[in-house]
């Protein structure tokens, strides 16, 4: 299938018109993974259930296999940290200390606005670090499974994006599924990186930088060598979602 680094990519160009959105969970038995998928022509689809980690991986591979039959590119967007920020280290071969990530708006109306997107929920703490590890394993397994298949047609390219639900719906009865649907719907609406309101969530797109002066930002693909090389150093853009309810759970 050629160079693996050409299979799973990070792009800041126009968004693909197919999407697979995964609200990532990581637990022994909990059904904490929500999945939604679709395209700009037919809209968003989803099952009426959530999945365990193992079930979610199998479902994602199944959906990607189906998408490949169309030979079209697809946006894979995970609700989990896909980049890591560190303070400056004098030795370029080592990491500094973890630091929160700062977003730089890519919206045409709020160009270059800077904002800390991790005031409460940081990539290296609690659930953030858990789903970061979950995503690394998830992506590695997807790459291994799909790259082992022999396909006659040229494989579709997968473009990777991060979703971050900063303010959740306090009244949701199935939060993981609701968030996956909102992420997929927002993705398909955001073809020109515009800020939108979708299913009760305000949404915006951000590029990522470290909060510490002189700090460094690293892609999960680079650090965990997801595609078998160090070629993927570009950091996935972040779709930020904030539910518009008056009161939010911590």
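The values are calculated or read from the model by the stated rules, or taken from the named source; none is laboratory data. Quick caveat: nothing in here was measured; it's all calculated off a predicted structure. Positions of Cβ are backbone-derived with ideal geometry, glycine not excepted, and every protein chain shown enters the neighbour counts.
Overview of values
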quantity	calculated
Only one of 85, 80 that is modelled with pLDDT of 85 or more and either farther than 19 Å from residue 208 by Cα or out of contact with any strand residue (DSSP E or B) (no Cβ under 6 Å at 6 or more places or on another chain) (or both)	80
1 or more residues in contact with a strand residue (DSSP E or B) (Cβ under 7 Å, 6 or more places away or on another chain), modelled with pLDDT under 85 and more than 19 Å from residue 122 (Cβ to Cβ): qualifying strands (runs of 3 or more DSSP E) within segment 187-250	196-198
Which numbered condition residue 72 misses (of (1) in contact with a strand residue (DSSP E or B) (Cβ under 8 Å, 6 or more places away or on another chain); (2) in a loop (DSSP other than H, G, I, E, B); (3) farther than 26 Å from residue 225 by Cα)	(3)
Residue within segment 93-100 that is at pLDDT 85 or above, more than 19 Å from the chain's Cα centre (by Cα) and not in a loop (DSSP other than H, G, I, E, B) present	yes
Segment 34-50: number of residues that are farther than 16 Å from residue 64 by Cα and either within 13 Å of the chain's Cα centre (by Cα) or surrounded by fewer than 20 Cβ atoms within 10 Å (Cβ to Cβ) (or both)	6
